[in-house]
Amino acid sequence: MSTFDRGNEPQRPPLPARLDPRLGTPRTSRSRDGRRGQGSGRGSGRGSGQGAGRSGGTRIAITARAVAGLVTVCVLAASGWGWYLGRVADASVNRTDAIPTEGNDGIGGGEAMNLLLVGNDSRASATPDQLDELNTTANEGINTDTMILVHVPADGSKASFVSFPRDSYVEIPGYGMDKLNAAYAYGYQNEAGDEATDAERQASGAQLLIRTISSLTGLQIDHYAEVDLLGFFNLSSVVGGVEVNLCEPVQDAYSGVNLPAGVQTIEGEQALAFVRQRHGLPRGDFDRIIRQQVFIGGMIRKLLSDNVLFDLGKQRQLVEAAANSLTVDRSLDLLGLAGQMQAVTAGTVDFQTIPYIGDDEDDQGRYILRLEDEDTLQEFFANLSADPEPQPEPTETAAPETVAPAEVSVNVYNGSGVSGLAASTASELQAQGFTVASTANADSNEYTATEIRYAAGDQALANTLAATIPGATTAEAGEPTPGTVDLVLGSNFNGVGQAVTTPEPTETVEGEDTRTAADTTCIN
């Protein structure tokens with residue numbers, strides 16, 4: 001277990017309990033593969049009666065509702081009255097000063113777009129009956145437990161959605177290391193000033209979160225969108241439900257979910273419960289993220305279906321529901337976004353999770369998710385944002401030039417660590433018609449790969465030898481004498497005439513597998 005030295009971090013003013021998203025996170029344990037068990041602790045949702053379940057299970061997954069709202073707006077580009085619907089959306093959507101003027105630097109700022117989607121747990125607009133139907137209670141907290149970054153390239157040919165788990169342990173500018181879901185709350189409470197309005201506090205929360213994400217990813221965040229709980233509930237009902245596929249039946253008192261196994265269409269209260277559940281899932285919050293991504297994929301498929309694209313009345317309902325639940329930055333052009341994403345199909349929408357190492361605890365004993373190092377993360381997001389390289393025109397590849405084995409003189413060097421391998425290989429080569437000039441041990445017995453080295457102009461000799469040892473690497477080098485090639489035997493060598501052993505694949509950065517919106521396989 002790692003330990004953390006927080007002695008040099010800036011002192012952070014405490015947050016009131018109602019604004020502190022870090023309170024109530026249950027102590028958990030999870031192995032490197034992401035599995036964890038629920039522990040006890042304040043806010044874990046453990047308690048007697050349904051009320052306890054509602055109170056503890058109110059962290060609402062933004063990924064589904066936010067993306068659903070924005071993708072809904074994208075149907076504007078699909079009809080002749082898109083301009084009118086755009087006006088409807090612009091008239092209804094809330095605007096906020098979310099984009100900071102400093103601390104938001106990196107890749108971006110061109111025709112491609114990086115948009116941060118955030119959800120809050122605000123239920124201020126919900127009636128008591130609606131709260132009861134949603135299996136939740138009134139909440140004054142400021143929680144942004146799930147965040148997602150959307151990258152749309154300039155040509156709109158695809159879209160990438162990267163989820164950020166709430167427990168990701170990150171540097172929050174001005175506040176030191178903490179969980180990612182604390183950034184918005186710190187900004188809301190501390191950055192706007194004592195006399196600030198609620199709208200100004202919300203803008204400050206968004207700005208600190210953007211600065212945190214920008215520093216973490218190396219990206220410039222161009223736009224921001226935030227959606228609330230009631231908005232998602234209304235939107236999922238207007239669209240007529242979304243198809244999901246469960247591997248096993250699920251029932252959970254905390255979220256209120258109660259669904260059978262198999263393919264089914266869910267909406268309203270059960271749709272919300274589906275994306276909220278994390279208790280009772282094998283991997284807790286990670287399975288909840290997959291739930292959110294699956295629901296978004298189903299929403300995208302539904303929005304791109306003929307039932308929506310050719311139903312003008314439903315289009316207006318969707319746009320109104322989405323716009324009423326959205327808060328976006330001042331400069332986001334909803335109709336322009338719709339046009340940019342016009343070419344997107346379900347198969348070109350990728351869902352991923354930010355690369356992570358595994359579980360840990362901070363010096364307060366709280367569960368955290370350790371992310372990959374800064375260079376790895378920024379390379380991941382740079383590749384995400386890179387324009388695809390043009391594919392070269394196919395060309396016919398000529399067969400490599402070779403000679404007769406008798407024309408090839410070989411020096412055999414044993415770098416495998418296996419005693420006597422050079423001598424036995426020399427005999428095998430001579431049986432194949434090659435001339436063996438010498439045998440010896442290599443300068444090290446720790447060669448992994450078998451190598452064939454040749455002098456300038458002798459590639460045909462090397463090609464001939466390589467044909468008898470499939471998989472061996474060839475390279476021009478200064479050591480071999482002209483007319484003679486050097487064969488360095490590595491630990492992957494299996495004998496003349498045998499392919500070398502294929503190396504184990506390099507361990508990839510741990511994270512969730514990439515899904516697309518077209519994926520309908522069953523999930524937890």
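Structure data summary
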read-out: Residue that is nearest to Ile172 (Cα to Cα), among those in the range 201-249 that are open to solvent by 20 Å² or more (accessible area, probe 1.4 Å) and assigned to a strand (DSSP E or B); value: His223
read-out: Per-region count, the range 67-109, residues part of a loop (DSSP other than H, G, I, E, B) and modelled with pLDDT under 70; value: 4
read-out: Pick from the range 485-522, criterion buried (at least 18 other Cβ atoms within 10 Å of the Cβ) and not in a loop (DSSP other than H, G, I, E, B), ranking: modelled with the lowest pLDDT; value: Arg515
read-out: Filtered residue count, the range 438-462, keeping only those that are of a type in the set (S, T, N, Q) and within 16 Å of Val500 (Cβ to Cβ); value: 2
read-out: Test: residue in the range 279-297 that is touching a residue at least 60 places away in the same chain (Cβ under 8 Å), touching a Gly at 6+ places or on another chain (Cβ under 7 Å), closer than 20 Å to Arg515 by Cβ and not aliphatic (A, V, I, L, M); value: yes
read-out: Near pairs, Cβ below 7 angstrom, 6+ apart or cross-chain, from the range 172-200 (part of a loop (DSSP other than H, G, I, E, B)) to any residue that is surrounded by fewer than 16 Cβ atoms within 10 Å (Cβ to Cβ) and among the basic types (Lys, Arg); value: Tyr175/Arg12
read-out: Within the range 142-171, tally of residues that are under 16 Å from Tyr184 (Cα atoms), hydrophobic (A, V, I, L, M, F, W, C) and open to solvent by less than 10 Å² (accessible area, probe 1.4 Å); value: 5
read-out: Residue within the range 149-170 that is of a type outside the set (D, E, K, R), more than 18 Å from the chain's Cα centre (by Cα) and farther than 21 Å from Phe351 by Cα present; value: no
read-out: Flag for Asn441 being within 17 Å of Asn492 (Cα to Cα), of a type outside the set (Phe, Trp, Tyr), open to solvent by 20 Å² or more (accessible area, probe 1.4 Å) and in contact with a Phe, Trp or Tyr (Cβ under 8 Å, 6 or more places away or on another chain); value: yes
read-out: Check on Thr348, open to solvent by 40 Å² or more (accessible area, probe 1.4 Å), farther than 24 Å from Val238 by Cα and of a type in the set (S, T, N, Q); value: yes
read-out: Residue that is buried (at least 22 other Cβ atoms within 10 Å of the Cβ) and on the phi > 0 side of the Ramachandran plot, where the choices are Gly284, Gly280, Gly298, Gly358; value: Gly284
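The values are calculated or read from the model by the stated rules, or taken from the named source; none is laboratory data. Bear in mind that the values here come from a model prediction, so they are computed numbers and not experimental data. Backbone-built Cβ (ideal geometry, glycine too); neighbour counts: all protein chains shown. Side chains included, ligands, DNA and RNA excluded: accessible areas come from the protein's heavy atoms. Shrake-Rupley method; radii C 1.70, N 1.55, O 1.52, S 1.80 Å.
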